[in-house]
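Okay, so here's the structure we're looking at.
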Amino acid sequence: MTLQAQNYCRGDFAAWDPKITTLPGLYILAQAARPLLWLFATLIRLGGGQIGSGSASAELPLGCTVGELRFLNLFFGVAVAWATGRVLARIHPSASPAAILLRVACVILFPVLHLFFYLFYTDAAAVLATLLMLEASLAYRPNLSAALGAIAILCRRASSVPATQLQSRTS
């Protein structure tokens, strides 16, 4: 999966590994986030640090090493916590901040999800897009909700279930 993203980093959008069964949403998001990944990688390297277990490959642009791509999912994990808090605050407006924080912790520490915050994999991006889709729907922004649902589906096809259920309820 990381090799596919690195092909995209090199600008080779025609290359596709036939063993990959997911849609290219995560790789497209990784390309869109390259300025963020580049900034992160540069700051780490300026501080004398190293990302991941190996050194950066000279043939890969900044923002495209395995460690940098995994950082993107860690960023998605933090964003999942933020989006979960926003959704919970909208659904439970009278809940205390401590109660919302506890529920956010339960979501982001859920073992099946938490594991994927440290890998370059589709789950964190799909969950984030699905939560943002729900937040947009609760805010009565159907066009934004539909666009975020499409992003969720591009990241992980299983996201089509909550996306279609939510869109059918709001139309």
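If you go through the range 1-35 and keep only what is of a type in the set (Lys, Arg) and free of Cβ contacts under 8 Å to residues at least 24 places away in the same chain, you end up with just Lys19. Helices (runs of 4 or more DSSP H) fully within the range 1-73 that include at least 1 residues being at pLDDT 80 or above and open to solvent by 60 Å² or more (accessible area, probe 1.4 Å): 25-32, 34-46. Of the set (1) in contact with a Leu (Cβ under 8 Å, 6 or more places away or on another chain); (2) under 30 Å from Thr65 (Cα atoms), all apply to Leu131 but (1).
Restricting attention to the range 109-159, the residues that are of a type in the set (Val, Ile, Thr) and surrounded by fewer than 19 Cβ atoms within 10 Å (Cβ to Cβ) add up to 1.
The values are calculated or read from the model by the stated rules, or taken from the named source; none is laboratory data. Given the structure is predicted, the values throughout are model-derived calculations rather than measurements. With ideal geometry, Cβ positions are generated from the backbone for all residues, glycine too; neighbour counts draw on all protein chains shown. Protein only, heavy atoms only, side chains kept; ligands, DNA and RNA dropped before computing areas. Shrake-Rupley method; radii C 1.70, N 1.55, O 1.52, S 1.80 Å.
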